[in-house]
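Engineer: Could you have a look at this structure, given as C-alpha cells, before my questions?
Read the figures in this text as sums done on the coordinates, not as results from a lab. Because the structure is a prediction, the values reported are computed rather than measured. Note that each Cβ is placed from the backbone with ideal geometry, even for glycine, and that neighbours are counted across all protein chains shown.
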Amino acid sequence: MRRLYAPHAYTDAPRAGCFWAPPPDDFPTLEGEAEAEFAIIGGGYAGLSAALELAGRGVSVTLLEAHAPGWGASGRNGGFCCLGGSGFGHGELARALGKTAAGEMIRTERAAIDLVAELLETHAIDADRHSNGEVVLAHRPRAMAGLGEEGEILAAHGIETRLLSKAALTERGMGGPFHGGLHVRAGFALEPGKYARGLARAARLAGADIRAHSPVTRITHKGERFTLATPRGILTARKLIVATNGYSSDDIPPALASRYLPLQSNIIVTRPLGTAEREAAGWSNDTMAYDSRILLHYFRLLPDGRFLFGRRGALTAGPRAQARMRHTVIRHFRRMFPAWKHVEVEHFWSGFVSLAYDRLPHIAPIEGWEGAFAAMNWHGNGVAMATWGGRQVARAALDGAPVPAAMARPLPRFPLGRARRTLLYPALAWYALRDRF
Ligand SMILES: Cc1cc2nc3c(=O)[nH]c(=O)nc-3n(C[C@H](O)[C@H](O)[C@H](O)COP(=O)(O)OP(=O)(O)OC[C@H]3O[C@@H](n4cnc5c(N)ncnc54)[C@H](O)[C@@H]3O)c2cc1C
C-alpha cells in the first residue's frame, strides 16, 4: 500500500493506550471468493453506516475492514458528536461558499447529529451519552467577536446559542484561562468505541456481511464489476464505496491519490478526579468544550470523573514521535489546568483525521469509475458527519439521492503528491503563530 506516514502509524501501537471499548473480535475474515451487490472498504462510522443503510434496504453488501470495525479514528476519537465536518468556521464557510451553500452545510451538520441520536436509540446502543451541546472558549479577548458571529450564524439556522462571559463560565463550573465562550446547544458526547461496536452489530443484524482483518490490497475495475483482493480472499461487486478516510492509501483506488491528507490527533485521559480536585481547578461541568485556537484543544469531563484532553499535531509517526506528542499534550493540559499538575495521566493514544485541499467533506462518485463512490475528509469532525456521509453515499449510490453541492464537488489534488505531508510543516507553524499573536 502507498501510505503517507511510517508503517508504525498503521499498526496497533498508536491506539494501544486507548481508553475506549476495544474493537470487536467476533467478525470473520474474508477467505476464498465472495460476491455482493455492494463492496465497502473501511469499517469506521462511514463504512458501517453505509452498510447499515444498504442492508436495511435489503441490498447485499460486504464490508472489508483491514483490522476490526472501529479500529481507525471511529474507535479512538474524542466522542464529540457535534456540528462540523469542513475545515472552515461557519462565518468563513459563508464567505467561501455563499450564504445558500453554507446554510445547506449547517443544516446537514445538524441533521448528522440527529442521525447519530436516532441510531443510538433505534439500535439500543448504550454509548454513555452526556453533555447538552458544546462550549467554544475564547482563548484571548478578541476571539469573543468571532464567537459572536458564529452564534448569530448558527442562530439564523435555528441552532440555539448563548454567549457566556468569563463570570458566567466560572459560575457554570468552566473556570480556566478563558475570556468567555459560546454555548452551542447542538450535539452531545458519547463513548466512541461503544458507538462503533453498536453500529457494527446493528449493520450485521440488518444483514451486512462484515469482514475483519481483510485489508484490500488491490482493486480492479472491468466492465461493470469491481474485484477487490485481500490476502486470503477475493470479493466481486457491482458497486463500490470507499470509506477509508485518514487510513487511505494512494493506490486504493489510484483515483483518490493525493486527494486527502491525514493528520494525527492525540488524546490523554487522566485518572478519575475527586470533587475537591474539580473544584480546585474550577472545572466541574461535563459539557464538551474546545478553545478558539486554530490548533485547538478539545476536552471534557467523562462520566466517571476522568478528564479527556486532546490536540491535533505530530507530523511524523513512530515510537519517538508518539512519546514527544504525549509529552506535548500533557504540557498543554497542565498549562491550561495548573491545579491538576499532580494528576496522573493514565491513557494516551493517537489516530488519523483526514483533510481535503478545498477544506470540504466529500461524498461523491469516484471520477472515471462508474459505480464507485467515496465518502471522506471530515476534518476531524466525523462522529456525526461520517455517520451521515456513510448513509448518504449509500443512498446516492443506490438511487441517486442528492448530497449538498459543496460536498459533491470533484475532489481536488493536493500539490506535491506523496510528499504532500510536508505541507503540514509550514501550515501548522503558521497556525501556531496566528494562535499566539
Ligand atoms: C484522536 C482523534 C480524536 C477525534 N475526535 C473527534 C471528535 O471528538 N469528534 C468528531 O466528530 N470527530 C473526531 N475525530 C474524527 C473522527 O473520529 C473521524 O472523522 C471519523 O471517525 C472518520 O470515520 P471514517 O469511517 O470516515 O474513518 P475511520 O474511522 O478512520 O475508518 C477508516 C477505516 O478504513 C480501514 N481501511 C483503510 N484502508 C483499508 C483497506 N485498504 N482495506 C480495508 N480497510 C481499510 C481502516 O482500518 C479504518 O478502520 C477524531 C479523530 C481522532 C483520530
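Engineer: Give the aspartates and glutamates whose C-alpha is closer than 13 Å to that of residue 341, dropping any in the same chain fewer than 8 places away, or say none.
Structural biologist: Result set, ordered by chain and number: 277.
Engineer: Can I ask one more? Could you tell me the convex hull volume per residue, in Å³, taken over the Cα atoms of segment 274-369?
Structural biologist: Output value, Cα hull per residue: 162 Å³.
Engineer: Shifting gears a bit: Place a +1 charge on the Cβ of each Lys and Arg in the chain and a -1 charge on the Cβ of each Asp and Glu, then give the dipole magnitude about the Cα centre in debye, rounded to the nearest 20.
Structural biologist: 1560 debye
Engineer: For 230, 100, what's the fewest-to-most ordering of other Cβ within 10 Å of each Cβ?
Structural biologist: Starting with the residue having the fewest Cβ neighbours, the order is 100, 230.
Engineer: Right, something else. What percent do you get for the relative contact order of the chain when only Cα pairs under 8 Å and 6+ apart count?
Structural biologist: Worked out over the chain, it gives 25 percent.
Engineer: Please rank 277, 92, fewest neighbouring Cβ atoms within 10 Å first, as an exposure proxy.
Structural biologist: The fewest-first ordering by Cβ neighbours comes to 92, 277.
Engineer: What base-10 log of the normalised intensity I(q)/I(0) is obtained for segment 60-192 from the Debye formula, alpha carbons as equal point scatterers, at q = 0.11, 0.20 Å⁻¹?
Structural biologist: The calculated log intensity ratios at q = 0.11, 0.20 Å⁻¹ are -0.49, -1.24.
Engineer: Can you tell me the length gained on complete extension of the stretch residue 163 to residue 2, counting 0.36 nm per residue apart and subtracting the Cα distance?
Structural biologist: 53.3 nm
Engineer: Moving on. Out of all Cα-Cα pairs in segment 20-64, roughly what percent, to the nearest whole number, are more than 12 Å apart?
Structural biologist: Counting every Cα pair in segment 20-64, those more than 12 Å apart make up 65 percent.
Engineer: Calculate how large, on average over all directions, the projected area of the Cα convex hull of segment 138-195 is; give the answer in nm² to one decimal.
Structural biologist: Average projection, Cα convex hull of segment 138-195: 5.0 nm².
Engineer: Let me ask something else about it. Would you report the distance distribution of C-alpha pairs in segment 272-327 as whole percents per 10 angstrom bin, up to the bin with the largest distance?
Structural biologist: It works out to 21, 39, 31, 10, in whole percents.
Engineer: Which is farthest toward the positive dipole end of segment 274-344 among 283, 323, 340, measuring Cα position about the Cα centre, with Cβ charges +1 (Lys, Arg) and -1 (Asp, Glu)?
Structural biologist: Farthest towards the positive end: 323.
Engineer: Which peptide among 316-327, 58-69, 202-213, 408-419 comes first, and what is the full order, when sorted by highest mean count of other Cβ atoms within 10 Å?
Structural biologist: Those peptides, ordered most packed to least, come out 58-69, 202-213, 316-327, 408-419.
Engineer: Taking the 0 to 90 degree range and rounding to the nearest ten, how far is the long axis of helix 192-206 tilted relative to the main principal axis of the chain, both from C-alpha atoms?
Structural biologist: 30 degrees
Engineer: How large is the Kirkwood hydrodynamic radius of segment 214-322, counting all unique pairs of alpha carbons, in Å?
Structural biologist: Mean inverse Cα-Cα distance, inverted, gives 18.0 Å.
Engineer: Let's see if you can work this out: charge +1 on each Lys and Arg Cβ, -1 on each Asp and Glu Cβ, no other charges. What is the dipole magnitude of segment 4-159 about its Cα centre, in debye to the nearest 20?
Structural biologist: My answer is approximately 820 debye.
Engineer: Set Lys and Arg Cβ to +1 and Asp and Glu Cβ to -1, take the dipole of segment 99-185 about its Cα centre, and tell me which of 101, 124, 165 lies farthest positive.
Structural biologist: The listed residue farthest towards the positive side: 165.
Engineer: Given Cα positions, please report Rg to Rh for segment 159-291, the hydrodynamic radius being the Kirkwood one.
Structural biologist: We get a ratio of 1.15 for segment 159-291.
Engineer: Which order results if 147, 154 are arranged by neighbouring Cβ count within 10 Å, fewest first?
Structural biologist: Neighbour counts put them in this order, fewest first: 154, 147.
Engineer: Calculate the radius of gyration of the Cα atoms of segment 41-126 to one decimal place, then report Dmax, the largest Cα-Cα distance, as a whole number, both in Å.
Structural biologist: Radius of gyration, then largest Cα-Cα span, for segment 41-126: 15.5, 42 Å.
Engineer: While we're on this one: Given N residues in segment 112-156, what is Rg(Cα) / (2.2 N^0.38 Å)?
Structural biologist: So the Cα radius of gyration is 1.66 times the expected 2.2 N^0.38 Å.
Engineer: In the chain, if the dipole is taken from +1 on Lys/Arg beta carbons and -1 on Asp/Glu beta carbons about the Cα centre, which of 415, 223, 64 is farthest to the positive end?
Structural biologist: Among 415, 223, 64, the one farthest towards the positive end of the dipole of the chain is 415.
Engineer: Compute the relative contact order of segment 211-303 as a whole-number percentage, counting only Cα pairs closer than 8 Å that sit 6 or more residues apart in sequence.
Structural biologist: 14 percent
Engineer: Suppose we take every Cα in segment 241-285 and form the convex hull; what volume per residue is that in Å³?
Structural biologist: Here the figure is 137 Å³ per residue.
Engineer: What is the Cα coordinate range of segment 313-386 on the first, second and third principal axes, sorted by size from largest, in whole angstrom?
Structural biologist: Taking max minus min along each principal axis of the Cα atoms, segment 313-386 gives 57, 26, 22 Å.
Engineer: Next question. Note down the magnitude of the dipole of segment 267-347 about its Cα centre, charges +1 on Lys and Arg C-beta and -1 on Asp and Glu C-beta and zero elsewhere, to the nearest 20 debye.
Structural biologist: Here segment 267-347 has a charge dipole of around 500 debye.
Engineer: How high is the FRET efficiency from residue 437 to residue 12, r the C-beta distance, R0 45 Å, rounded to 0.05?
Structural biologist: After rounding, the FRET efficiency stands at 0.65.
Engineer: Same structure again: Any chance you could run the full-extension gain for residue 344 through residue 330? It's 0.36 nm times the residue separation minus the Cα-Cα distance, nm to one decimal.
Structural biologist: Using 0.36 nm per residue and subtracting the Cα-Cα distance, I get 4.0 nm.
Engineer: Using just the helices of the chain, give the 222 nm mean residue ellipticity in deg cm²/dmol: DSSP H runs with n ≥ 4 each add -39,500 (n - 2.57), and the total is spread over all residues, rounded to 500.
Structural biologist: -10000 deg cm²/dmol
Engineer: Another question, then. Cut-off 14 Å, label point 7 angstrom out along Cα-to-Cβ of residue 323: give me the residues of segment 15-39 whose amide nitrogen falls inside.
Structural biologist: none
Engineer: Next question, about the same structure. Which translational diffusion coefficient, to the nearest whole µm²/s, is obtained for segment 1-47 from the Stokes-Einstein equation, given a Kirkwood hydrodynamic radius over C-alpha pairs, 37 °C and 0.692 mPa s?
Structural biologist: Reported coefficient: 232 µm²/s.
Engineer: Something else now. Equivalent ellipsoid semi-axes for the chain, as square roots of 5 times the alpha carbon gyration tensor eigenvalues: give them largest first, rounded to whole Å.
Structural biologist: Taking √(5λ) for each eigenvalue gives 35, 23, 21 Å, largest first.
Engineer: According to the Cα gyration tensor, what semi-axes, each the square root of 5 times an eigenvalue, does the equivalent ellipsoid of segment 325-430 have, listed from largest to smallest in whole Å?
Structural biologist: Whole-Å semi-axes of the equivalent ellipsoid: 36, 19, 11.
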